[in-house]
Amino acid sequence: MSATIIDGKAAAAALRERIRLQTEGFVARAGRKPGLAVVLVGEDPASSVYVRSKGKATIAAGMASFEHKLPIDVSQDELIALVDSLNADEAVDGILVQLPLPKHIDEQAVTTRIDPDKDVDGFHPVNAGRLATGLNGFVPCTPYGCIMLLKEQLGDLTGLDAVVIGRSNIVGKPMAQLLLKESCTVTVAHSRTRDLASVVHRADIVVAAVGVPHMVKGEWIKPGATVIDVGINRTEDGLVGDVDFAGAASVAGAITPVPGGVGPMTIAVLLRNTLISAHRRAG
Ligand code: GUN
């Protein structure tokens, strides 16, 4: 094994501590805490764990956490009415509706109902458009966390060849936009890409966000490349990433582990986005 293992847990802890200190400053000036509302529909075990972690981290950062747990059979109208009330609530700076939602609810109808200026997930099309056109908005937490890890590892990313595997609205597309903003040469690969191995092999930066365990093979990686594994796949062997970690770590320059890589950054960036929202709304 030759690659540096990128410690996302340590990077996230450092970011959360910076946010905590900045939150103290905000509270002293504004006379109120930044507030994050998290909405959970149903009792999916993984989602419940995420929501609990978000609530704990919000409070640890010195922010106010508003948790709304709704039954699995809540109607779309009731959920939208809750979003409307959170949009109007002055104490709420950020709103996150945990996904996935039950099948009878149209996710788009709910995420597009959130006020774009409280959309700390960055999922609203207005925020996707702002990111694509260089305006200030909210950037989805996971891709922003990846960029932070990359810059910490590599410094300036200008001119580097980056390959993003996956084209989801939540990770792949915003990741490509962020890498472009850092002046990388960006390729977005996906399930229909021909000869993925050779596409990946020319990359200085590989970001894997496909949701297929160990899909990216060690021999695809260019020696010395930096590999960011966004995959969190639950298998019989526990949590595994989208990258064959052992194979890739023997050729890469640096690589994120799963767990303990990208995952912890997501919540830290969510807190960052909530603090940014509080500052903007306080004027
Ligand atoms: N489900 C899994 N990850 C996320 C996330 O980052 N935001 C929301 N809203 N739901 C999720």
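What follows is calculated from the coordinates using simple rules that are stated; it is not laboratory data. Fair warning: this is a prediction, and the values are worked out from it, not measured in the lab. Glycine also receives a Cβ, built like all others from the backbone with ideal geometry; neighbour counts cover every protein chain displayed.
Taking 0.36 nm per residue of separation and subtracting the Cα-Cα distance, what length does fully extending A14 through K151 add? Don't skip to the end; give the middle numbers.
Details: separation 137, 0.36 × 137 = 49.32 nm, distance 1.47 nm.
Here the segment from A14 to K151 would lengthen by 47.9 nm.
Among T256, T111, T158, the residue with the largest mean-square fluctuation in a Gaussian network model of the chain, with springs joining Cα atoms closer than 10 Å, is T158. Label-to-label distance for T235 and T4 is 2.8 nm, based on points extended 7 Å past Cα in the beta-carbon direction. Cross-link list K173/K217; K33/K69; K33/K103; K69/K103; K9/K151; K54/K103: which exceed 27 angstrom alpha carbon to alpha carbon? K33/K103, as the Cα separations exceed 27 Å there. The helix-based estimate of mean residue ellipticity at 222 nm for the chain, built from -39,500 (n - 2.57) per DSSP H run of four or more residues and divided by its residue count, is -13500 deg cm²/dmol to the nearest 500. For the options V200, V240, V74, a Gaussian network treatment of the chain with springs between C-alpha atoms closer than 10 Å singles out V74 as fluctuating the most. Within segment 257-283, find all residues whose amide N lies under 18 Å from a label point positioned 7 Å from the Cα of A30 along Cα-to-beta-carbon. Residues 268-283 fall inside that zone. The trypsin sites (Lys or Arg not before Pro) found in segment 1-74 that occupy coil by DSSP, while having at most 15 further C-beta atoms within 10 Å, are R32. Think of the chain as a dipole: +1 on every Lys or Arg Cβ, -1 on every Asp or Glu Cβ, centred on the Cα centre; then among L196, S168, V186, V186 lies furthest on the positive end. Here r is the Cβ-Cβ distance between T112 and H201 and R0 is 35 Å; the resulting FRET efficiency, rounded to 0.05, is 0.35. Hydrodynamic estimate: the Kirkwood radius of the chain over Cα pairs, inserted into Stokes-Einstein at 10 °C and 1.306 mPa s, corresponds to D of 82 µm²/s.
Starting from the Cα of A282, move 7 Å in the Cα-to-Cβ direction to define the label point; list residues of segment 1-42 whose amide nitrogen is under 19 Å from there. Zone members listed by number: 16-37.
Dipole size in debye (nearest 20) for segment 1-146 around its Cα centre, Lys and Arg Cβ +1, Asp and Glu Cβ -1?
Approximately 720 debye in magnitude.
Given a Förster distance of 22 angstrom, what is the FRET efficiency for S191 paired with H104, based on the Cβ-Cβ distance and rounded to 0.05? Plugging the Cβ-Cβ distance into 1/(1 + (r/R0)^6) gives 0.20. About the centre of its Cα atoms, segment 141-263 shows a dipole size close to 400 debye [charges on the beta carbon of Lys, Arg (+1) and Asp, Glu (-1) only; nearest 20 debye]. Take the chain, connect every pair of alpha-carbon atoms lying under 10 Å apart with a spring to form a Gaussian network, then pick out the residue of P259, P34, P140 with the largest mean-square fluctuation. Maximum fluctuation in the GNM of the chain, among the listed residues, is at P259.
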